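Worksheet for the structure shown next.
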């Protein structure tokens, strides 16, 4: 229970399901069950307390956000009946599966207030099934166990506690086991009762298993790459702005920047108040040469989420790449004001200081990064560069030696130290490090070039 509580909040259903199993499939009274298994239920209760303490410590809030949409627990709950019926439809006919349905940020179910008729029509059959299962459990009917299991396992993610996304298929993975058991056992019992011979069921299940196995194989191809899964999502749901945003990222990392710009532009057009789409589009536009348009997008993203530190950090990186290091400093400082522990922002601030000729300030930022995380090799290498620019080659050598000692597999640390040795005239030490890099990374272009120059001198 403790391991489950630390991994997945859905474990909260375990004590209830354990008790229901003993009640439905046994003959003891509730008090007798608890007395006989007091160690089991005591441990489960302690695990539940541990879980509640974790949630109370900041794991869940009273409100959740998707883009600029804000919704309370009651609004989240009102959207769940259509989502649950959607899950059930997919369980029976797994066609039209999508990685992200775009709920709720793209306005499904009349966001933010769901259409009352749809909610009521969806809630009625679910409520009837739940009440029937409660009656069945009271009467110790076996079929009630998987039905209640379905509702109990879905309850933590599909009830009153708002999560960032109203509906997600992965929430059905575990509840589907209950439905599969109910379907198989129910069909088997029905056929045997009607015909007295249940052997045809085995043949039907064998054919069904082959069909479902084949469809699973085909569906898994969509998960081959990040690009393929998001392309599949926008093909099925072209109105999903989150999917277009993530497709834009995948296209960018695949080197298809113009297509990435088109995808991110589509995301912004679908949902103008989606900060992530504007942030990524702004950075890409600047990289493609349209700095004013890129900064305009980043400014709008910051207006939408003024407390998000990643947007000023990205803006600072854009300005730094464009040679506007003095302006970049202000944005990195803003990101650190919003989140003083934001290491990427502090790294950017150090680089901006260094590019602005403020080597002493750059040394302070990189030293802080290295002190806070001694395993951060890049921070130590950057510290060494800043120290060298400041006029402290001895300090630079010490920082690089420490980086190489802590991370001997880092070619960046080894190459930087070797180049420093070259500048100091320590040819043998430099040659040894270049050979070390080539041993770890055969064909390393930088090491080959430097080593060949050393050998020709």
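The values are calculated or read from the model by the stated rules, or taken from the named source; none is laboratory data. Since we're looking at a predicted model, the values are computed, not measured. Note that we place each Cβ from the backbone using ideal geometry, even for glycine, and neighbour counts take in every protein chain shown.
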Can you confirm whether residue 145 is out of contact with any strand residue (DSSP E or B) (no Cβ under 8 Å at 6 or more places or on another chain), over 27 Å from residue 101 (Cα atoms) and either part of a helix (DSSP H, G or I) or assigned by TED's automatic domain parsing to the domain that holds residue 212 (or both)?
yes
Might you check whether a residue that is surrounded by 12 or more Cβ atoms within 10 Å (Cβ to Cβ) and either touching a strand residue (DSSP E or B) at 6+ places or on another chain (Cβ under 6 Å) or more than 30 Å from residue 93 (Cβ to Cβ) (or both) occurs anywhere in the range 233-249?
yes
Please identify the pairs in which a residue from the range 87-110 that is on the phi > 0 side of the Ramachandran plot has its Cβ atom under 6 Å from the Cβ atom of a residue that is modelled with pLDDT under 85, counting only partners at least 6 apart or on another chain.
109/79
Return the residue satisfying two criteria in turn: it lies in the range 169-200 and is at pLDDT 80 or above and assigned to a loop (DSSP other than H, G, I, E, B), and of such residues it is surrounded by the fewest Cβ atoms within 10 Å (Cβ to Cβ).
173
Residues that are in contact (Cβ under 8 Å) with a residue 12 or more places away in the chain, out of contact with any strand residue (DSSP E or B) (no Cβ under 7 Å at 6 or more places or on another chain) and farther than 27 Å from residue 317 by Cα: list the helices (runs of 4 or more DSSP H) wholly contained in the range 350-457 that include at least 3 such residues.
393-406, 411-423, 427-440, 445-456
Considering only residues that are at pLDDT 75 or above, in a loop (DSSP other than H, G, I, E, B) and surrounded by fewer than 20 Cβ atoms within 10 Å (Cβ to Cβ), which ones fall in the range 56-98?
93, 94, 95, 96, 97, 98
(1) more than 22 Å from residue 249 (Cα to Cα); (2) within 27 Å of the chain's Cα centre (by Cα); (3) surrounded by fewer than 11 Cβ atoms within 10 Å (Cβ to Cβ): which one isn't true of residue 203, the others all being true?
(2)
Using beta carbons and a limit of 6 Å, which pairs, at least six apart or on different chains, have the first residue in the range 187-206 and free of Cβ contacts under 8 Å to residues at least 24 places away in the same chain and assigned by TED's automatic domain parsing to the domain that holds residue 92 and the second one surrounded by 11 or more Cβ atoms within 10 Å (Cβ to Cβ) and not in a helix (DSSP H, G or I)?
188/198; 191/198; 192/198
So, of the residues in the range 296-312 that are surrounded by 19 or more Cβ atoms within 10 Å (Cβ to Cβ) and over 20 Å from the mean Cα position of the chain (by Cα), which turns out to be nearest to residue 266 (Cα to Cα)?
297
